[in-house]
Amino acid sequence: MNSLLKSLAPLAMLASAVLGAQAAEFPIKDKAITIVVPFAAGGPTDRVARDLAEAMRKPLGASTILVDNAAGAGGTIGANKVAKASADGYTILLHHIGMATQPGLYRNLPFKTLDDFEYLGMVNDVPMTLIGRPSLPANNFAELRTWLNANKGKVNLANAGLGAASHLCGLLFMNALKFDMTTVPYKGTGPAMTDLIGGQVDLMCDQTTNTSGQIESKKVKAYAVTTPNRLTTPALKDLPTLQEVGLKDFQVTIWHGLYAPKGTPPDALKKLNDALKVALKDPDFVKKQEGLGAVVVTDKRVEPAEHKKFVASEIAKWGPIIKAAGVYAD
Ligand code: ASP
């Protein structure tokens, strides 16, 4: 037995050397990494993912980083896809505040937000804006209120499905005004924006990363921002906050973070986190984000443990608000 063990020892050493070499090799040259975006192409989450993919590719030493738009059900389909994907570091998820609102909104969420993912670090914080179709007669928030009151029962509000950031913001808005609107769900606010510009829907609350360009080129009407203070981005600096126009406690900021399936090897996690940190300091990435009103994360939430702690605190924050609103999906 002893001699058998002895004869196996070199084999064991070889196996561990090979495994070690494999771990050190992440990402294997020519093997693409995929960032799953749980919303449609052309929207704000998609835009962040594509810019981030570009900024992370070099520091990660990856030949290609692809973006896979696994859209639907307010972002839960894409999140579930990554929760169930091979835990090898080659499939990761970019998701927003929906990670924290979905546990309160979905009775049968097919994954556990805090248990089924490795947290890779946060990317940005993004304000929201309340916008309207270009043909709306209201040119400011006071006029919007008058128009809403004159159109009770007829107003519709676009969103990216139950659990989307636009859904949360719309919900807060309706609650603050005590005014019901018909919500129209899309697979992302990219396609919703097309319909808003076309006049098929009336209103939408969405990230500045999707709206600032359209506001600047006057393709949509803009009424307010959802932050406690006015923004400095040129396209948005003249917009009042919702608090200023009378919705006292209205405040919501969206954030994005990166996730890998639970069980992804520590070496791959470290390399992904290292590459994320480099990307967040990449002047091109920072400039693009700031130009769209987003703030790149520079605080401790770039660390996986802090990212997870933050998401847990957001789940605790939004859960009771969603419960009180009485909205849920099975
Ligand atoms: N902005 C969308 C949301 O409302 C998602 C997207 O299309 O990026 O969550």
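All of the numbers you see were taken from the coordinates with simple rules; none came from a lab. Quantities reported herein were computed from a predicted structural model and do not represent experimental measurements. Cβ: placed from backbone, ideal geometry, glycine included. Neighbour counts: every protein chain shown.
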What relative contact order, as a whole-number percentage, does the chain give when Cα pairs under 8 Å and 6 or more residues apart are counted?
27
Give the distance, in whole Å, between the Cα centre of region 50-96 and the Cα centre of region 158-217.
24
Rounded to whole Å and ordered largest first, report the semi-axes of the equivalent ellipsoid of region 144-196 derived from its Cα gyration tensor (root of 5λ).
20, 13, 8
So which aspartates and glutamates pass the test for LYS154, namely a Cα distance under 12 Å, with those fewer than 8 places away in the same chain ruled out?
ASP180, ASP202
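Starting with the fewest neighbours, write out GLU118, GLU314 ranked by other beta-carbon atoms found within 10 Å of each beta-carbon.
GLU314, GLU118
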Evaluated at 4 °C and 1.567 mPa s, the Stokes-Einstein D of region 76-163 based on the Kirkwood radius over Cα pairs, in µm²/s, stands at 79
Volume per residue of the C-alpha convex hull in region 270-310, rounded to whole Å³:
66
Quick check: convex hull of the Cα atoms in the chain, volume per residue, rounded to a whole Å³?
138
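When Rg is the radius of gyration of the Cα atoms in region 68-107 and Rh is its Kirkwood radius, what does Rg/Rh come to?
0.97
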For region 95-247, convex hull volume per residue from C-alpha positions, Å³
121
Here the membrane-span-like helices of the chain, with no claim about any membrane, defined by DSSP H, Cα axial extent at least 20 Å and mean Kyte-Doolittle at least -0.5, are 2-24, 304-325
Can you give me the P(r) profile for region 244-330? Cα pairs, bins 10 angstrom wide beginning at 0, each as a whole percent.
12, 34, 32, 19, 3, 0
Go through LYS288/LYS308; LYS287/LYS317; LYS58/LYS288; LYS178/LYS219; LYS270/LYS300; LYS58/LYS271 and tell me which ones have a Cα-Cα distance over 21 Å in this structure.
LYS288/LYS308; LYS287/LYS317; LYS178/LYS219
For a footprinting-style exposure proxy, rank LYS29, LYS287 by other Cβ within 10 Å, fewest first.
LYS29, LYS287
